[in-house]
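Down below is the structure, laid out as structure tokens.
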Amino acid sequence: MLKNYILIAFRQFTRHKMFSALNVFCLAIGISFCMLIGQYILHESSVNSIYKDVHQQYFLNSQWKVKNTGPEMTTVGALVKSLKQNYSNLVADYYRFNPVVNVVSAGDKHFREDVSIGDTNLVSMYGFPLLYGNPEKAFTDIHSAVITEVFAMKLFGEKNVINKIITFTNLSGKTTDYKVSAVLKVLPYNTISNAYADAHFGYAMYIPFEGNQYYPSSNGASSTGEDSWSGIYTVSFLKLQPGIQQGQLAGPIKNLLKLNAPETISKNLSVLLKPLDTYYLNSNNGSVYKTLSILSLVALGILLLAVINFVNIMIGTSSYRIKEIGLRKVFGGRRKELIFQYVIESIMLTLFAAILSLVFYAIFRPFFNEILNTSLSPISGFHFREYISMAFIVVIVGSLAGLYPAFILSGSEMVSSVKGKLEGIEKGMWMKKSLLIAQFTIAIGVFIFSMILSKQVDYFFNNDLGYDKDRLMIIVAFPKQWDSIGVEKMESIRNGLLTESAVKDASVSFDIPERTPPNQLSVNPEGRKDNEPLSAEGISVDEKYASTYGVQVTKGKFFNQTGAFISGEVVINESAMKLFGWKNALGKKIRYPDGGPESVVVGVVKDFHLTSMHESIAPLVFFHVKDNRAYRFITVKLGPGNLTHSIDLVRSKWKEISPLAPFEFTFMDDKLQSMYQSELHLKKASGVATGLMILIIIFGIFGVLALALTRRTKEIAVRKVLGAEIHHILSLFIRQYAALLMIANLIAWPVTYYFSNRWLRQYAYRIIQPLSIYFIAGILVTIVAFVLISLQCLKVALMNPVKSLKTE
């Protein structure tokens, strides 16, 4: 019986080649797009899956009652170690690190690298794979280092570099030698080796806390604050004992903070345990999760459009098979057998589409790798789960796509079927129209959302940021020597760059506009009656920061521009002045609850976006680098002219004035791109999805209209014989689809507005949805539909009516 069903299916496919090809092609587009997006979702969801016992691993995040008291991703350094020591029945292990960036050397090779200073159980706790070394004791002593195979090749030109010496420079300019004790294999992106790291491959080198002298200290001990109860800048992780839930740590954490931490921390801090297996998806306000959710809905929408085409064409071809169904019923064919036959045909078509989708997947995979900045698995890399998923899609899509036509066709009356009449089928045409409305609604909705998304992303880059981002060259400031001598050296390098003709201005600073500054301040501004401290952000800059970035000074001055440096002067932004309740900030003093020396406000700058537009502009205090003695960047404002030539001039000047420091740079435009990476990926993917949806609709309208015109060829001929003009015939069909398109717009507009508005709400600065976008989407989809309808109808309307009347 099954063999006969398959044989009949093949005959049906070959009899209606065009419609079968349309079904297969549209389904293949839908399935291949789902495969590509599905692979991307699997890739993103697998971040952190490399960890050993990943479901027991947690990232400690800080939640502060007073906003911006400290970073979210770090916490009290001594906390996790004390949890392990005092609650070993709950905590199996812990890991902490401090991220730093500095020059790492071997012989005459000097590179600026991301370095992780941390506990020595990194490899054993997470199960990171080693190329060389002992995984149970990757660090052999306090002067050993674990490096990546990429860095080994970069520094030594080979991977087996066990026992080779690497020199590390601290912030006082002193050097420490480390012997390589293990080499890590290349790791996929993960939260441990990539948190806070600028490099694509994460940290190049891992060295122990113990004996480390990165931050200068007078007592000769480790200087990164990992065992301090007052330091809040340590990245911390916990591994819980089997069966222990994260909620069971709430009490112990609160008790330890109360017993050991200062009141300013213990009363203000809540420590949250974030599961590592889902941390990447939910970080940054769930931006990755939101992006994946939207892409999933879009992929399902494309697949649904293809299924709707399938159903409509299957119903449309019913006129060719109605007598067959009637005769089979006469000879005892049961309804369930008829349904089974049509489902088999549907699954077979879907199987052909799935095979073709593999070809489409291979063709478009490089394109999607580029627009999503990822590396999707090739077909040869598919695992058992991918093939099971494809089989599941074939059965589910094939069954769902074939069931409704099967029930409609098999439910026709026997007598009417034998006569070739379609009374029973025409009763189900409401479903066909409903599916067309759904198809138009989905396409219009995605089209509108794609334009809104594009407009919001453009707003990020074209909106007034409050500073001039053009031709800003960000150079990593080396050598790092965080003391008065080091700052003077860096200012000397800055002044040397300013002598170059291509350089318009230059500035030394600790931060640039790319993230929330790590220095969160508690301040008591002058004149405030309430003794409760306020929260602000603080960054270290020099006197040329405002002129380099084009930040507008609205009152006073941006430090001393011509005379000698004056200690204790600060500049604030307008949001800080508003928070402090000052109408005139010049000369006002700021005191600090931690006992630091008070500051005097000498200038106010107009608000500008130091972080992304996800966040509101925060109160900001600028300190001079000579007061804080810390820096990370030199920002160079390039003048007009050839950009490549200007870069070469700056590079030559840098090598002349700082020959031992690596020259690494990026542009502010690139920093902005990385800040909105999820949105850019979504914009590109939704643009592709919109194009595919329009393509599927075109093929769908073509198929449905071709069937309708074939059935109504005689009717059109009779109308022409009776005097109907071509425009009358065109309007006959256009009116039918115009009503469907109008209903689709009425549904799509409010639904899309609601969901677009919810999506936009995640941004502190966002566009107002323009009504014009809705009109543009509706009109463009309508024009595409009407042009296609007109072209097909015109072909039939121009036929000789005598020939059409002879058509059987």
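Only a single item in (1) open to solvent by less than 50 Å² (accessible area, probe 1.4 Å); (2) closer than 30 Å to residue 157 by Cα; (3) part of a strand (DSSP E or B); (4) modelled with pLDDT of 90 or more is not met by residue 100, and it is number (4). Starting from region 623-649, keep only residues that are closer than 21 Å to residue 569 by Cβ, then list their pairs with residues that are open to solvent by 70 Å² or more (accessible area, probe 1.4 Å) and among the polar types (S, T, N, Q) whose Cβ atoms are within a distance under 7 Å, requiring at least 6 positions of separation or different chains. From region 623-649, the pairs are 627/567. For region 350-365, taking the residues that are under 26 Å from the mean Cα position of the chain (by Cα) and open to solvent by 50 Å² or more (accessible area, probe 1.4 Å), the one that is farthest from residue 43 (Cα to Cα) is identified as 363. For region 433-464, a tally of residues being open to solvent by 10 Å² or more (accessible area, probe 1.4 Å) and in contact with a Lys or Arg (Cβ under 7 Å, 6 or more places away or on another chain) returns 1. Filtered by the rule that a residue be open to solvent by less than 10 Å² (accessible area, probe 1.4 Å) and hydroxyl-bearing (Ser, Thr, Tyr), region 466-520 gives 507, 509. Of the set (1) in contact with a Ser or Thr (Cβ under 7 Å, 6 or more places away or on another chain); (2) open to solvent by less than 10 Å² (accessible area, probe 1.4 Å); (3) closer than 30 Å to residue 510 by Cβ; (4) at pLDDT below 90, all apply to residue 27 but (3). Residues in region 611-628 that are in contact with a strand residue (DSSP E or B) (Cβ under 8 Å, 6 or more places away or on another chain) and open to solvent by 10 Å² or more (accessible area, probe 1.4 Å): 6 in all.
Quick check on my filter: what residues within region 233-267 are part of a loop (DSSP other than H, G, I, E, B) and open to solvent by less than 20 Å² (accessible area, probe 1.4 Å)? Scanning region 233-267 gives a single hit, 261. Do you know which residues across region 288-300 are open to solvent by less than 20 Å² (accessible area, probe 1.4 Å), under 14 Å from the mean Cα position of the chain (by Cα) and within 19 Å of residue 446 (Cα to Cα)? Selection gives 291, 292, 295. Considering region 594-650, and only residues there that are in a helix (DSSP H, G or I) and not β-branched (Val, Ile, Thr), the residue that is nearest to residue 667 (Cα to Cα) turns out to be 643.
Of the listed requirements (1) open to solvent by 20 Å² or more (accessible area, probe 1.4 Å); (2) modelled with pLDDT of 80 or more, residue 319 misses just one: (2).
Is there a residue being open to solvent by 10 Å² or more (accessible area, probe 1.4 Å), among the basic types (Lys, Arg) and over 30 Å from residue 758 (Cβ atoms) anywhere in region 565-579? Reasoning before the result, please.
Of the residues in region 565-579, the ones open to solvent by 10 Å² or more (accessible area, probe 1.4 Å) are 565-569, 574-575, 577-579.
Restricting the remaining residues to those that are among the basic types (Lys, Arg) gives 578.
Now restrict to residues that are over 30 Å from residue 758 (Cβ atoms): none.
No - not one qualifying residue is present in region 565-579.
Can you confirm whether region 583-599 contains a residue that is aliphatic (A, V, I, L, M), surrounded by 14 or more Cβ atoms within 10 Å (Cβ to Cβ) and within 30 Å of residue 284 (Cβ to Cβ)? No.
Checking residue 634 against (1) open to solvent by less than 10 Å² (accessible area, probe 1.4 Å); (2) more than 31 Å from the chain's Cα centre (by Cα); (3) closer than 16 Å to residue 541 by Cβ, only one condition comes out false. Which one? All conditions are met except number (2).
For the structure I just gave you, tell me whether residue 474 is touching a residue at least 60 places away in the same chain (Cβ under 8 Å) and touching a strand residue (DSSP E or B) at 6+ places or on another chain (Cβ under 7 Å).
Numbers: touching a residue at least 60 places away in the same chain (Cβ under 8 Å): yes; touching a strand residue (DSSP E or B) at 6+ places or on another chain (Cβ under 7 Å): yes.
In short, yes.
Looking across region 747-770, the residues that are in a helix (DSSP H, G or I) and in contact with a helix residue (DSSP H, G or I) (Cβ under 9 Å, 6 or more places away or on another chain) come down to 747, 748, 749, 751, 752, 753, 755, 756, 759, 760.
Are any residues in region 544-584 among the polar types (S, T, N, Q) and either part of a loop (DSSP other than H, G, I, E, B) or within 34 Å of the chain's Cα centre (by Cα) (or both), and if so, which ones? Walk me through it before giving the result.
As a first pass, look at region 544-584 and keep what is among the polar types (S, T, N, Q): 547-548, 552, 554, 560-562, 567, 573, 575, 584.
Across region 544-584, the qualifying residues are 547, 548, 552, 560, 561, 562, 567, 573, 575, 584.
Specify the residue that is most open to solvent (accessible area, probe 1.4 Å); the eligible residues are those in region 39-94 that are under 21 Å from residue 124 (Cβ atoms), among the hydrophobic types (A, V, I, L, M, F, W, C) and under 24 Å from the mean Cα position of the chain (by Cα). Per the criteria, the residue is 50. Among the residues of region 167-187, those identified as touching a residue at least 40 places away in the same chain (Cβ under 8 Å) and touching a helix residue (DSSP H, G or I) at 6+ places or on another chain (Cβ under 9 Å) are 171, 172, 173, 182, 183, 184, 185, 187. In region 653-667, the condition of being of a type in the set (Asp, Glu) and under 30 Å from residue 170 (Cβ atoms) is met by at least one residue.
Just one of (1) over 18 Å from residue 689 (Cβ atoms); (2) crowded, with 17+ Cβ neighbours inside 10 Å; (3) modelled with pLDDT of 80 or more fails for residue 368. It is (1). Of the residues screened, residue 98 is one that is among the polar types (S, T, N, Q) and within 30 Å of the chain's Cα centre (by Cα).
Scanning region 16-66 for residues that are among the hydroxyl-bearing types (Ser, Thr, Tyr) and touching a strand residue (DSSP E or B) at 6+ places or on another chain (Cβ under 9 Å) yields a total of 3.
Kindly check whether there is at least one residue in region 1-11 that is at pLDDT 70 or above, open to solvent by 50 Å² or more (accessible area, probe 1.4 Å) and either in contact with a helix residue (DSSP H, G or I) (Cβ under 9 Å, 6 or more places away or on another chain) or on the phi > 0 side of the Ramachandran plot (or both).
Our first condition is that a residue be at pLDDT 70 or above; within region 1-11, this holds for none.
Looking for residues that are at pLDDT 70 or above, open to solvent by 50 Å² or more (accessible area, probe 1.4 Å) and either in contact with a helix residue (DSSP H, G or I) (Cβ under 9 Å, 6 or more places away or on another chain) or on the phi > 0 side of the Ramachandran plot (or both), one finds none in region 1-11, hence no.
When the residues of region 665-682 are narrowed to those that are open to solvent by 40 Å² or more (accessible area, probe 1.4 Å) and modelled with pLDDT of 85 or more, which ends up farthest from residue 460 (Cα to Cα)? Once the filter is applied, the top-ranked residue is 665.
On the stretch given as region 188-206, residues that are open to solvent by less than 80 Å² (accessible area, probe 1.4 Å) and in contact (Cβ under 8 Å) with a residue 12 or more places away in the chain total 13.
The values are calculated or read from the model by the stated rules, or taken from the named source; none is laboratory data. As the structure is a computational prediction, the values presented were derived from the model and not from experiment. All Cβ positions, even for glycine, are placed from backbone atoms using ideal geometry, and neighbour counts span all protein chains on display. Ligands, DNA and RNA are excluded from the accessible area calculation, which covers all protein heavy atoms including side chains. Shrake-Rupley method; radii C 1.70, N 1.55, O 1.52, S 1.80 Å.
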